[in-house]
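Q: Quick one: structure below, then a few questions.
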Amino acid sequence: MDSSGTLTRRSWFTLLLVVAAPLAYYGLVLAYSVNVPIYDDYVLLKGTNDLLAATSLTEKLTGLFAMHTDYRIVTTRAIMFLWAKLTGSVDFKALNIVGNCALLPAAVVLGRSIGLGEDRKRWALFFLVSFQTQYLKLMFYPMAALQAFVGLLFSLLHLRYALEERKWFLSPVCYLLAVVTSGSGLFLSGITVPLLVYRRHYRRAGVLAAVTVATVALYAPSSGKLAYPLAHPFRVLQFFALLLGNPAELPFFRSAAAQLSLALSLGGYFLYFLRAERLNLSRPGNRQKLATVACLLYLLLMIALIAVGRAETYQGTLPQAALDGRYRIYSLLFLAVCLSDLVHRVDARGGWRSRLPGALITCALLLNVLWCIPSFFSIRVDSRARVEAVRRWAATGQAGALPTGASPPEEAAETLAAAIRMGYRPQQNF
């Protein structure tokens, strides 16, 4: 076949790789999400019960904006409450799917922000790294999925709009939405305001700074978790490095040394990127490079916040805790952005370097498949176990049978019974 035919086949194959990872990811989410709460879902369910029982607007608003430990989860509560009002019942399967669905637009926003454009090779690599079953715990944890993925989407939209000339007024809106979705959103303007000042967009920086001050004052965040990081900075730094390097884990291989090595490599590449683009960052027309810096700083910030907030909890098991599926999204996205930038650089130089993108895509595909196969069996077992646990509880009334996780079994059983009386049907949508 002629060269044009070969090019067409390669182009179609690359396009297939672009869509393969999201299709596999969402196929698993759709197939194995179940209408059963777990961990803090019971706390969220109790809050929804209270919101549905509230008789005044003041009570409802108080419930929506109430603290959940050290932060507020207004968006998550609102989605769950509105779903219950519109459908007449809580559906954790649907809520889990809604939360996971936010990952795709978030990844697209991130990819467009860093300038992937029409480059299918870079999109293929980016999606293969970003959509993995390494998020296993996050994929099937409705409350966490809503908070993490929806919060990620609003945060990335804030970063994107803050650097745009015509749509910058949307950045404070997205900032507020990120704040009420996840407490980490409060720190976003710590990235965007300095970057706007650096680019001499003083009016935008001033507006966003004013919105931030007012938001922080109303939010009233807790500072109770700062004592441990101040007393043990090295341990927090170690946890940060382990979190950044957690993509180094393989299904049957884990090594703290490998995690730290990958973290050092990613940190080194970030410094290389800053040095290589130091002149472009100050040029008015080059927004993509500045957006890439903003996105990378945001991902590092999220990892740092996890390290600061959780190091004390996991102080005896930091390497193992860093591999928790809830904490992988930011490090994998950081890796995806760095690899996409690397492909762009070597592709432009040609020669033997032009083979590197294909090699990286192949490695990313193998890594994705390597994670997907064992995860598939784990997902099936876990989904069935959750269903059987609720059925056993319904048949015997034994609270200990429930997959409660964080909630005390008796309290979780009481919450579940109250929700059933209000219309929740846990045995639907299995």
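Q: Beyond 19 Å, how much of the Cα-Cα pair distribution for the range 213-264 remains, as a whole percent? Spell out each step's value before the answer.
A: Details: 671 of 1326 pairs.
Across the range 213-264, Cα pairs with separations above 19 Å total 51 percent.
Q: When the chain is fully extended, how far beyond the present Cα-Cα distance does Ser378 get from Leu23, taking 0.36 nm per residue of separation? All intermediate terms of the calculation are to be shown ahead of the outcome.
A: Details: separation 355, 0.36 × 355 = 127.80 nm, distance 1.88 nm.
Residue separation times 0.36 nm, minus the Cα-Cα distance, leaves 125.9 nm.
Q: Which distance in Å, rounded to a whole number, links the C-alpha centroids of the range 13-59 and the range 140-194?
A: Value for the Cα centre distance between the two parts: 19 Å.
Q: Which of (1) 1.01; (2) 0.98; (3) 1.11 is the computed Rg/Rh (Cα atoms, Kirkwood Rh) for the structure on display?
A: (2)
Q: Now for a different question. On a 0 to 90° scale, report how tilted helix 202-219 is relative to the longest principal axis of the chain, with both axes built from alpha carbons and the result rounded to the nearest 10.
A: 20
Q: Between Lys85 and Ala276, 0.36 nm times their residue separation minus their Cα-Cα distance comes to what?
A: Numbers: separation 191, 0.36 × 191 = 68.76 nm, distance 5.30 nm.
Here the answer is 63.5 nm.
Q: Taking the mean number of other Cβ atoms within 10 Å as a proxy for protection, how do you rank 42-52, 175-185 from highest to lowest? Don't skip to the end; give the middle numbers.
A: Working: 42-52: 21.1, 175-185: 23.8.
Ranking, from highest mean packing down: 175-185, 42-52.
Q: If we count every other residue with Cβ under 10 angstrom of Ala66's Cβ, Lys/Arg +1 and Asp/Glu -1, where does the sum land? Walk me through the intermediate numbers first.
A: Numbers: positive: Arg72, Arg77; negative: Asp50.
Charge balance in the 10 Å sphere: +1.
Q: What's the angle, to the nearest 10 degrees (0 to 90), between helix 233-244's Cα axis and the longest principal axis of the chain?
A: So the inclination is approximately 80 degrees.
Q: Can you give the angle from 0 to 90° between the axis of helix 328-349 and the longest principal axis of the chain, with both taken from C-alpha atoms, to the nearest 10?
A: Long axis of 328-349 versus the principal axis of the chain: about 20 degrees.
Q: What relative contact order, as a whole-number percentage, does the chain give when Cα pairs under 8 Å and 6 or more residues apart are counted? Could you put the intermediate results ahead of the total?
A: Details: 541 pairs, mean separation 105.3, N = 430.
For the chain, the relative contact order is 24 percent.
Q: Next up: Which order do the peptides 124-133, 191-200 take when ranked by the mean count of other beta-carbon atoms within 10 Å per residue, highest first? If you can, show how the numbers build up before the last one.
A: Values: 124-133: 26.0, 191-200: 18.0.
Output ranking for 124-133, 191-200: 124-133, 191-200.
Q: Also, I was wondering about something else. Mind ordering 208-216, 93-101 by average Cβ neighbours within 10 Å, highest first?
A: Working: 208-216: 15.6, 93-101: 21.0.
So the peptides 208-216, 93-101, ranked by packing, come out 93-101, 208-216.
Q: Starting from the Cα of Glu164, step 7 Å along the direction of its Cβ; do the same at Thr313; then give the gap between the two resulting points in nm.
A: Simple spin-label model gives 3.5 nm for this pair.
Q: Around Arg328, what is the net charge, scoring Lys/Arg as +1 and Asp/Glu as -1 over all other residues with Cβ under 12 Å from its Cβ?
A: 0
Q: So, counting K/R as plus one and D/E as minus one, what does the shell of residues with Cβ under 13 Å around Gly400 add up to? Can you show the working numbers first?
A: Numbers: positive: Arg392; negative: Glu410, Glu411.
So the surrounding residues net to -1.
Q: Per DSSP helix of 4 or more residues, -39500 (n - 2.57); summed, then divided by the residues of the chain. What does that give at 222 nm, rounded to the nearest 500?
A: Working: 21 runs with 300 residues, N = 430.
The helix-only estimate for the chain comes to -22500 deg cm²/dmol at 222 nm.
Q: How do Trp168, Trp123 rank when sorted from fewest to most other Cβ atoms within 10 Å of their own Cβ? Walk me through the numbers on the way to the answer.
A: Details: Trp168 18, Trp123 21.
Sorted ascending by nearby Cβ count, the order is Trp168, Trp123.
Where a number appears in this text, it was derived from the coordinates with a stated rule and is not lab data. Just so we're clear, the structure is a prediction, and the values are computed from it rather than from any experiment. Note: ideal-geometry Cβ built from the backbone for every residue, glycine included; neighbour counts use all protein chains shown.
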